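First comes the structure, then the notes that go with it.
Every number in this text was worked out from the coordinates using simple rules, so none of it is lab data. Since we're looking at a predicted model, the values are computed, not measured. Note that we place each Cβ from the backbone using ideal geometry, even for glycine, and neighbour counts take in every protein chain shown.
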């Protein structure tokens, strides 16, 4: 009997079947993630216009990006940092708070509200821009201008989406509105799956309010969901970078007020056909995402 058990264990540990099940994912991952990243890194050291064969120029693209690209250093990088610091943590905290609050109500209203909160994240960027463009339209027919004019707060319509003063705040509002995606659903599932006896034991041990309950029981009990939510918040933050161009209808945005790294990549790669330079910018973006993801892993990853 012992020999049979050992043979089964040995056969299971040397079986290739698990790898066969993983093979489709690995093929797609290498083809659409790993391979493009490697190509982008290689192209970042070249002068490539999309037509002629790439010419190796070493670190020139990176040096020009830091020393000669005034738009990147004065507008794009500060805008991206500001946008990421507000939308990333803001959307993450908002996702957790909404998930926690929904977990406190009965199932039927919770399901309806969860669908309503999640639905904006399912819309495409173009559809999202169309909805918000109607709200922030620059003439008197725009919903916001019409409301403010009727209340006597303003005397003439404001060009919300063409103004350098208002474009970035509007981008942040739209991005937060659409940030309740998979991370929000994962957090909601995490809160709902916490063992209720943990809360009972916590109150016996001295927990006296909901804040302590969240800090000492809820968050530690759903670290995997918190980590997933943090990664999705990072991804969504940089994916929403194109919303400024969609709202303003121009790339670059007015006075570069809403210009982010994603827009800078599109400007040089798609409009100017400077593929090598655009690849260098994309590598910088990749390093930023990687660094932020490592911070999230340090906060919510399992130590073991």
> How far apart, in nm, are two points set 7 Å out from the Cα along the Cα-to-Cβ line at residue 134 and at residue 21?
Replying inline: 4.6
> Between residue 151 and residue 116, what FRET efficiency comes out of the Förster formula 1/(1 + (r/R0)^6) with R0 = 35 Å and r the beta carbon distance, rounded to 0.05?
Replying inline: 0.80
> Roughly speaking, what % of Cα-Cα pairs in the range 151-199 are separated by over 11 Å, rounded to a whole number?
Replying inline: 77
>> Which residues among the range 129-145 fall inside the zone where the amide N is under 20 Å from a point 7 Å beyond the Cα of residue 159, along Cα→Cβ?
In response: 130, 132-145
> Mean separation of Cα pairs under 8 Å and 6+ residues apart, divided by the residue count of the range 31-72: what relative contact order is that in percent?
Replying inline: 25
> Over the range 19-300, what relative contact order in percent results from Cα pairs under 8 Å that are six or more residues apart?
Replying inline: 29
> Which length gain, in nm to one decimal place, applies between residue 70 and residue 39 when the Cα-Cα distance is subtracted from 0.36 nm times their residue separation?
Replying inline: 8.5 nm
> Among 49, 240, 155, which one moves the most in a GNM of the chain with springs linking Cα atoms closer than 10 Å?
Replying inline: 155
>> Cut-off 10 angstrom, C-alpha nodes, Gaussian network model of the chain. Which of 97, 20, 59 fluctuates the most?
In response: 20
